[in-house]
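This report refers to the structure that appears directly beneath it.
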Amino acid sequence: MPASLPAHFAARTDPRAERGRNHPVLTVLTIALCAVIGGADSWVEVVQFGKAKREWFAGFLDLSHGIPSHDTFGNVFAALDPDQFHACFLAWVQAAVTQTAGAVIAVDGKTARRSHDRGAGKAAIHTVSAWASANGIVPGQVKTDAKSNEITAIPALLDLLLLKGCIVTIDAMGCQTAIARQIVTQGGDSVLALKGNQSDLYHGAGHLFTDGRATDFADYQWDAVETVAGEHGRVEVRRCWTISDAETLMHLNGEGEWIGLRAVAMVEAERRVGNTVVREQRYYLTSMTEASVVERAVREHWGIENGLHWVSDVAFRENECRVRVGHAAENFVVVRHLALHLLKGERTAKIGVGAKRLKAGWDAQYLRTVLAP
């Protein structure tokens with residue numbers, strides 16, 4: 001497995017009583033991670049994977065007490081401190097991956113639907129994750145409090161991240177003055193989506209671009225870009241405009257509460273299929289003035305939907321997972337993200353993540369390749 005992984009995860013505290021430690025925590029974590037990479041989505045499946053690969057695991061793990069039971073896996077992950085476990089994951093990711101200047105970090109939330117436990121009065125967990133689009137990794141995640149929402153979780157998540165030189169994109173829930181200020185303070189740039197939760201700004205931006213387009217932006221300092229792509233009879237045209245003159249921004253940001261605001265942007269997405277044309281317009285507050293950079297950031301933001309949320313649901317069946325006792329659901333999300341990072345980092349097999357999981361389950365040599373990028 002990755003040489004630095006045991007060193008980082010060895011820092012977590014074993015939550016079990018001394019008399020209940022037949023299996024070292026690192027053994028439990030390693031088998032669970034390998035099993036999830038190899039297609040396991042429940043503790044029963046993790047145990048079966050461990051038993052099928054026992055001889056292979058015995059080559060580098062302490063199996064003096066055999067493969068742990070599914071109760072042992074469940075109890076360990078339920079008891080592990082999720083903040084500490086996530087901190088170990090984050091430290092490993094930051095040590096293993098170099099973030100390039102201008103990298104887009106998309107922030108968005110997702111609910112693991114089957115993680116609820118009605119009998120215990122426990123709601124499904126909702127996590128806010130960061131997605132580094134260039135690397136295809138999750139550099140951080142935070143679970144929202146039961147009686148809170150993403151607005152309080154996003155600042156906590158940003159605190160964990162290295163934002164200097166990066167572009168942070170967040171949907172309308174995160175379009176808050178405090179969040180914009182925090183991104184600037186941490187050395188990052190921002191592209192924050194505007195919707196009805198910022199009603200005055202949203203409608204102001206709409207009127208601004210309606211006037212600008214009608215007058216060919218004669219009265220504004222502006223920039224624009226257009227991209228065209230298509231396949232299988234579908235053509236997608238994306239246009240982006242930014243308005244960045246000081247007078248306009250002063251009108252929108254009269255009290256100066258939006259720290260770092262340098263432009264307001266509009267992105268128009270046009271899809272053509274045959275004779276059917278559909279257009280959608282979105283508005284953004286941003287710390288950047290170049291339309292091409294803003295358009296790229298907005299486009300890459302949706303990678304968190306396709307590269308993380310969709311893959312989690314389809315390739316890892318996250319919404320079907322019934323791991324829910326204690327902290328197990330939250331910790332299991334971390335394991336899935338770690339598995340996803342390792343599977344995406346393996347580039348010799350030109351197949352999707354789901355197929356890679358099957359291959360890793362069948363072929364121990366390929367599993368070694370995934371674990372040792």
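The values are calculated or read from the model by the stated rules, or taken from the named source; none is laboratory data. What you see is a predicted model; the values in this text were computed from it and never measured. No Cβ is skipped: glycine too gets one built from the backbone with ideal geometry, and neighbour counts run over all protein chains shown. Keep in mind that these areas ignore ligands, DNA and RNA; they rest on the heavy atoms of the full protein, side chains included. Shrake-Rupley method; radii C 1.70, N 1.55, O 1.52, S 1.80 Å.
Annotations
- Residue match in the range 295-314 (condition: of a type outside the set (F, W, Y) and over 24 Å from the mean Cα position of the chain (by Cα)): no
- Residue satisfying all of: in the range 271-302; over 28 Å from E231 (Cβ atoms) and in a strand (DSSP E or B); most open to solvent (accessible area, probe 1.4 Å) among these: Y283
- Members of the range 19-49 found to be open to solvent by 50 Å² or more (accessible area, probe 1.4 Å) and modelled with pLDDT under 70, listed by number: R19
- Hey, A218 open to solvent by 60 Å² or more (accessible area, probe 1.4 Å), at pLDDT 90 or above and assigned to a loop (DSSP other than H, G, I, E, B) or not: yes
- Residues of the range 163-173 satisfying the condition of being surrounded by 24 or more Cβ atoms within 10 Å (Cβ to Cβ) and either among the β-branched types (V, I, T) or modelled with pLDDT under 90 (or both): I167, V168, T169, I170
- Scanning the range 349-361 for residues that are open to solvent by 30 Å² or more (accessible area, probe 1.4 Å) and touching a Gly at 6+ places or on another chain (Cβ under 8 Å) gives a single hit, L358.
- Among the residues listed as E346, E305, E268, the single one being touching a residue at least 24 places away in the same chain (Cβ under 8 Å), touching a Pro at 6+ places or on another chain (Cβ under 7 Å) and surrounded by fewer than 23 Cβ atoms within 10 Å (Cβ to Cβ): E346
- When the range 140-180 is filtered for residues that are acidic (D, E) and out of contact with any Gly (no Cβ under 7 Å at 6 or more places or on another chain), the ones remaining, listed by number, are D145, D159, D171.
- Residue check: A265 meets all listed conditions (1) in contact with a helix residue (DSSP H, G or I) (Cβ under 6 Å, 6 or more places away or on another chain); (2) more than 19 Å from D189 (Cα to Cα); (3) not β-branched (V, I, T) but one, namely (2).
- Cβ pairs under 8 Å, 6+ apart, first in the range 312-341 and closer than 12 Å to L29 by Cα and open to solvent by less than 10 Å² (accessible area, probe 1.4 Å), second modelled with pLDDT under 75 and of a type in the set (A, V, I, L, M, F, W, C): F332/C321; F332/V323
- Scope the range 65-102; condition outside any helix (DSSP H, G or I) and modelled with pLDDT of 90 or more; matching residues: H65, G66, I67, P68, S69
- Selection within the range 333-359 - of a type in the set (D, E, K, R) and within 17 Å of C321 (Cβ to Cβ): R336, R357
- The residue that is least open to solvent (accessible area, probe 1.4 Å), among those in the range 180-215 that are among the hydrophobic types (A, V, I, L, M, F, W, C) and more than 17 Å from A265 (Cα to Cα), is I183.
- Some residue of the range 56-68 being more than 21 Å from L358 (Cα to Cα), hydroxyl-bearing (S, T, Y) and crowded, with 18+ Cβ neighbours inside 10 Å: no
- Failed item, numbered, when H116 is tested on (1) modelled with pLDDT of 85 or more; (2) over 26 Å from H301 (Cα atoms): (1)
- Total residues in the range 223-258, condition free of Cβ contacts under 8 Å to residues at least 60 places away in the same chain and either in contact with a His (Cβ under 9 Å, 6 or more places away or on another chain) or outside any loop (DSSP other than H, G, I, E, B) (or both): 21
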